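First comes the structure, then the notes that go with it.
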Amino acid sequence: QVQLVESGGRLVQAGASLRLLCAASGRTFSSYAMAWFRQAPGKEREFVATVSWSAGRTCYADAVKGRFTISRDNARNTVYLQMNSLKPEDTAVYYCAADRTYRRLNYRDYDYWGQGTQVTVSS
């Protein structure tokens, strides 16, 4: 099993950058693919990005491609989401998720979740 705790979310202006962190506990962190999802008020949770166990492969939603970068440090049991050129439509609660299968884009497929961190982008 793995426990996840997100941090780094806050209020920023459009065009700013922000880095989210997801700290994982458990000795098997490196065996999980990791992902970021987000959920805006009144909307379904949506896929943002995912990274494979060894960080050799990544996949992004079209809405964030070229602006967001997912990475991981298995030695620190941490996954990151670097967000650049933020837009008001990026406003959401961002969740970290873990699963043993890489490139799952549907939130229903993930077994482990963090509590979320709020990102608000003002115009």
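The values are calculated or read from the model by the stated rules, or taken from the named source; none is laboratory data. Given the structure is predicted, the values throughout are model-derived calculations rather than measurements. Because the Cβ atoms are built from the backbone with ideal geometry, glycine has one as well, and the counts that use them run over all protein chains shown. Accessible surface is based on the protein model in full, side chains and every heavy atom, while ligands, DNA and RNA are left aside. Shrake-Rupley method; radii C 1.70, N 1.55, O 1.52, S 1.80 Å.
Observations, loosely collected:
- Taking 4.7 Å between C-beta atoms as the pairing limit, the chain has these partnerless cysteines: 59.
- Check: segment 1-46 dipole with +1 on Lys, Arg Cβ and -1 on Asp, Glu Cβ, in debye: 80 debye
- Sequence of 36, 53 when ordered by accessible area, the most exposed leading, probe 1.4 angstrom: 53, 36
- This model, with +1 at the C-beta of Lys and Arg and -1 at the C-beta of Asp and Glu, gives the chain a dipole about its Cα centre of some 220 debye.
- Mean projection of the Cα convex hull over all viewing directions, computed for the chain: 6.7 nm².
- For segment 1-120, the solvent-accessible area works out to 50 Å² per residue, with a probe of 1.4 Å and every protein chain left in place.
- Portion, in percent, of the accessible area of the chain that falls on carbon or sulfur, probe 1.4 Å: 45 percent
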